[in-house]
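Encoded as structure tokens, the structure appears first; notes follow it.
The values are calculated or read from the model by the stated rules, or taken from the named source; none is laboratory data. Quick caveat: nothing in here was measured; it's all calculated off a predicted structure. Cβ: placed from backbone, ideal geometry, glycine included. Neighbour counts: every protein chain shown. For the accessible areas, the whole protein counts, side chains as well, though only heavy atoms, and no ligand, DNA or RNA atoms are used. Shrake-Rupley method; radii C 1.70, N 1.55, O 1.52, S 1.80 Å.
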Amino acid sequence: MARTLSGRPQSRVQPGRSLRSKPLRRVLVYLLLALFAAIFLYPVVIMFLAAFKTTPEIFSNPFGLPESWSLDGFREAWRRASFGLYLRNSILVTGLSVLLLLVCATPVAYALARYRFALKPLLFIFFLAGIMVPIRLGILPLYILMRDLGLLNNPLSLILTYAASGMPMSVFLLATFFRQLPSELEDAARIDGCTEGQIFRRVMLPLVRPGIATVVIVNIVPWWNDFFFPLLFIQDDRWKTVPLGMQMFFGQHLTNWSLVFGGMVLASLPLLIVYLLMSRQFIAGLTAGAVKG
Amino acid sequence: MRSWYRRHGHLIWFLLPGVLLYGIFMAYPLVSSLGYSLFEWNGFVRGSFSGLQNFITVLTQWPYNERFWSALFHNAQFFVVTFIIQTTLGLFLAVILARRLRGFAFFQAAFFLPYTLSMVVVGFLWLLLLNPRWGAVAQGLQFAGLGDLVQPWLGQRSTALITVILVNAWRWLGFPILVFIAAIQAIPREYREAAVVDGAGEWGIFRRITLPLLAPSIAMVTILTFIWDFNAFELVFVMQGPSGSPNYATDLLATFFYRTAFGDPTTGGEPGQVGIASAIAVLMLIIIGFASIFGVRYSQSSQVEY
């Protein structure tokens, strides 16, 4: 009744509007959202602020802004933890894993999506079987395999493991993208005299760029952050990745909070920057990965 | 043969690299885990065939049996608590956010941000925040006059596991929220509008429209949570050490497996029980396998096409 009088009778059928018409409820909803946003964000904010404080200041003033914004925590952490080296290794490992995965997964997805051949059902099951099984459960045979191949203490062990573990999900994700392409494209290219390989590379591959972006985003986060495989495969300090190197470093300097907070910020910053710059693509990619995978 | 190659040769080149990579570095290790568990091992050297002896050892022989059952129970708690949090709080936040209120993008990005942090950082961050003397949580409580509530959360048996589980939920929750939001937004508007016209309230709409249509997504996220929680390793390793201190109160299947296979530097336990460790891995594989088959079945049976 009141709504009709206010001159917005249509507001009843528009989703979201009912909330706007009840100010008290709206305030409550925002208070609740703000509370949870604080729970998720504030610990990260504390981490950033603490990285600029000295250790005694972290103890005496854990929540406020730092008095002098000292950069010593970062500087020390960067120098003492050989952070630059770990960063280089992490970039190398994640980058090459993505590259290897794409080189291996896109043609398989393409073949499964657009050709008919006798072994197809079998291959389909072969890849499907891996989609729900974490590769970690095969770590012992994998470890011995890497040892026998002489790849322990070699970043190649990580690259091969990550790329292999990304295969099942990426193949299925990319196959759904390839399946949506019209077959006229293929036929036209074939009439123009393209070989099958050229059709794939020149015609079809550029059209599944969104799928490739999804695959890259879905895999980059767990690989960049992975701690388990470096812990087992890499002992040599020269090849440690950021999570492993920082874990060792934090363990050694646990009483020097300024140093540890500085190191934590350094370790989180690369992915955090990527996330803040492209959070829309990140979120879209990860949900697509979860829903379709 | 020649004409076959001319017609299908390209397929070999399409398939070969992927099949080899996946076959050698994923399928082979997973399958041979099974084989490993059926042999005696001397360090990392394989001995004679021993049938199910490794499984019998894990399930019946002290201390393996005690560790195994306690770790399994901890993993189950890990999953149940996470599941409850994500399907109540997570779903609730998703339902609110899915209406695209002003600030939608900010809140969504905020809830998801911890997911981008590495477990090593999350573990050490909360280790410091939860420090009972200097940590921000203790100081905040003190400041609020609730100093009595301050406890060595990670150091005592009664609270250590639940604290680790909550820290994990803090990092993880953004993911189910994202998936739920996407699923809610995929529900056609007309359904909701029709219900509003029919006089349904917020709760009625949620209970009779949103929730049933979300069932497949909830099932999907639940499987992923289950798989993840039955593999959880990093957070306990980083915060509580490889033996899940205090006194195995936070020990999980994966940390138990790790100690059995690679040894525990803190207690100097006997390393390289490869056969027994493989048996643990196979048991984990069976648990996860059954749960995912069950979950995928349910998810598919409740699937809807709009």
Out of B:G147, B:G241, B:G204, B:G199, sole residue that is closer than 30 Å to B:G272 by Cβ and surrounded by fewer than 22 Cβ atoms within 10 Å (Cβ to Cβ)
B:G241
Look at B:L113 and say whether it is out of contact with any helix residue (DSSP H, G or I) (no Cβ under 6 Å at 6 or more places or on another chain), within 11 Å of chain A (Cβ to nearest Cβ) and assigned to a loop (DSSP other than H, G, I, E, B).
no
For the range A:257-293, how many residues are touching a helix residue (DSSP H, G or I) at 6+ places or on another chain (Cβ under 6 Å) and more than 7 Å from chain B (Cβ to nearest Cβ)?
13
Can you pull out the residues in the range B:21-44 that are at the interface with chain A (Cβ under 10 Å from one of its Cβ atoms), touching a Gly at 6+ places or on another chain (Cβ under 9 Å) and open to solvent by 30 Å² or more (accessible area, probe 1.4 Å)?
B:Y28, B:V31, B:W41, B:F44
Return the residues of the range A:143-164 that are free of Cβ contacts under 8 Å to residues at least 12 places away in the same chain and either more than 9 Å from every other protein chain (Cβ to nearest Cβ) or among the polar types (S, T, N, Q) (or both); say none if nothing qualifies.
A:D148, A:L149, A:G150, A:L156
Would you mind stating whether B:Y306 is over 30 Å from B:L129 (Cβ atoms), open to solvent by 30 Å² or more (accessible area, probe 1.4 Å), of a type in the set (F, W, Y) and in a loop (DSSP other than H, G, I, E, B)?
yes
Search the range B:178-202 for residues being among the hydrophobic types (A, V, I, L, M, F, W, C) and in a loop (DSSP other than H, G, I, E, B), and hand back the single one that is farthest from B:L235 (Cα to Cα).
B:A200
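Here is a yes/no grid of residues against (1) at pLDDT 90 or above; (2) facing chain A (nearest Cβ under 10 Å); (3) assigned to a helix (DSSP H, G or I):
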| position | (1), (2), (3) |
| --- | --- |
| B:L161 | yes, no, yes |
| B:I165 | yes, no, yes |
| B:P176 | yes, yes, yes |
| B:G204 | no, no, yes |
| B:I223 | yes, yes, yes |
| B:W228 | yes, yes, yes |
| B:N231 | yes, yes, no |
| B:M239 | yes, no, yes |
Subset of the range A:102-137 [in contact (Cβ under 8 Å) with a residue 24 or more places away in the chain and farther than 29 Å from B:F294 by Cα]:
A:L102, A:C104, A:T106, A:P107, A:Y110, A:R114
Looking at the range A:132-216, what helices (runs of 4 or more DSSP H) fall wholly within it and have at least 2 residues that are over 18 Å from A:V93 (Cα atoms) and open to solvent by less than 10 Å² (accessible area, probe 1.4 Å)?
A:139-148, A:155-179
Somewhere in the range B:120-138, is a residue more than 8 Å from chain A (Cβ to nearest Cβ), among the hydrophobic types (A, V, I, L, M, F, W, C) and free of Cβ contacts under 8 Å to residues at least 24 places away in the same chain?
yes
Evaluate the following for B:A105: is it part of a helix (DSSP H, G or I) and touching a Pro at 6+ places or on another chain (Cβ under 8 Å)?
no
Selected residue [in contact with a Phe, Trp or Tyr (Cβ under 6 Å, 6 or more places away or on another chain) and open to solvent by 20 Å² or more (accessible area, probe 1.4 Å)] from B:F55, B:F79, B:F92
B:F79
